[in-house]
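Asks: Please find one structure pasted underneath; my questions will follow.
The values are calculated or read from the model by the stated rules, or taken from the named source; none is laboratory data. A quick note: this is a predicted structure, and the numbers were derived from the prediction, not measured. Don't worry about glycine lacking a Cβ; one is built from the backbone with ideal geometry, like all the others, and counts go over all protein chains shown.
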C-alpha cells in the first residue's frame with residue numbers, strides 16, 4: 001500500500017522546500033557574487049574611476065550595506081524554517097509519523113528524524129545569532145550553523161535522488177501524491 005499525504009503535510013513540505021531553496025540561494029550569493037569583499041572591490045574601483053578614493057575597510061562596509069537586503073531574506077526564511085519545524089512537530093504529535101512496516105522505510109524515517117534534529121539545532125543557532133545571544137561563542141555558533149546548513153543542503157540532494165529512485169520502484173506516483181494527494 002502506498003502512503004497518502006495529507007494536504008497539511010503537503011503544504012508543509014512545499015513551504016519547507018521553498019524556504020530551504022531560498023536559504024541555499026542566499027548563502028551561495030553571499031559567499032560568491034554578493035561577498036562583501038567582491039562588492040567592496042567593485043565599489044572601490046568604480047569610485048576611483050570618478051576620482052573618489054576609499055579604503056578597503058570602507059569598501060567592505062559598503063559591500064555589507066549593499067548585500068544587507070538580500071541577507072534579510074536569509075533571516076526571514078530562517079525564521080520561516082523554525083516556524084515550519086514547529087508545525088511539522090505538531091503534525092507528528094497529532095497524526096504520528098506515518099511509519100510503514102517496510103524495513104527500508106523505517107531506515108528512511110530514521111534519516112528524517114535526524115534531519116528534523118538538524119533543523120532544530122540549525123534554527124536555534126540561527127535565532128541565537130539573530131538575537132545576538134551567542135556572546136563570546138559567536139564564531140563557534142556561526143561555524144556550527146554553517147556546517148549544519150551545508151549538511152541540510154546535502155540531505156536535499158540525497159532526498160531528490162531518493163525521490164527519483166522511489167519513482168522508479170514500487171513507490172511510483174510519489175511526486176504526484178506529494179503534489180496533489182492522489183496518483
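Asks: Out of the residues in the stretch 148-169 that are out of contact with any helix residue (DSSP H, G or I) (no Cβ under 7 Å at 6 or more places or on another chain) and surrounded by 13 or more Cβ atoms within 10 Å (Cβ to Cβ), which is farthest from residue 22 (Cα to Cα)?
Replies: In this case the residue turns out to be 162.
Asks: Another question about this same structure. Every residue in the stretch 152-173 that is in contact (Cβ under 8 Å) with a residue 60 or more places away in the chain and assigned to a helix (DSSP H, G or I), please.
Replies: If the condition is that a residue be in contact (Cβ under 8 Å) with a residue 60 or more places away in the chain and assigned to a helix (DSSP H, G or I), then 152, 153, 156 are the ones that fit.
Asks: Here are the criteria: (1) modelled with pLDDT of 85 or more; (2) surrounded by 13 or more Cβ atoms within 10 Å (Cβ to Cβ); (3) within 23 Å of the chain's Cα centre (by Cα). Tell me which single one residue 117 does not satisfy.
Replies: Every condition holds for residue 117 apart from (2).
Asks: What pairs come up if the first residue lies in the stretch 79-91 and is assigned to a helix (DSSP H, G or I), the second is at pLDDT below 95 and surrounded by fewer than 16 Cβ atoms within 10 Å (Cβ to Cβ), and their beta carbons are under 7 Å apart, counting only those six or more places apart or on different chains?
Replies: 85/116; 88/116; 91/8
Asks: If a residue must be touching a helix residue (DSSP H, G or I) at 6+ places or on another chain (Cβ under 8 Å) and surrounded by fewer than 15 Cβ atoms within 10 Å (Cβ to Cβ), how many such residues does the stretch 18-32 contain?
Replies: 1
Asks: Follow-up. Any idea which of 75, 62, 79, 50 is surrounded by 14 or more Cβ atoms within 10 Å (Cβ to Cβ), more than 30 Å from residue 158 (Cβ to Cβ) and either more than 22 Å from the chain's Cα centre (by Cα) or modelled with pLDDT of 95 or more (or both)?
Replies: Result: 62 is the single residue among 75, 62, 79, 50 that is surrounded by 14 or more Cβ atoms within 10 Å (Cβ to Cβ), more than 30 Å from residue 158 (Cβ to Cβ) and either more than 22 Å from the chain's Cα centre (by Cα) or modelled with pLDDT of 95 or more (or both).
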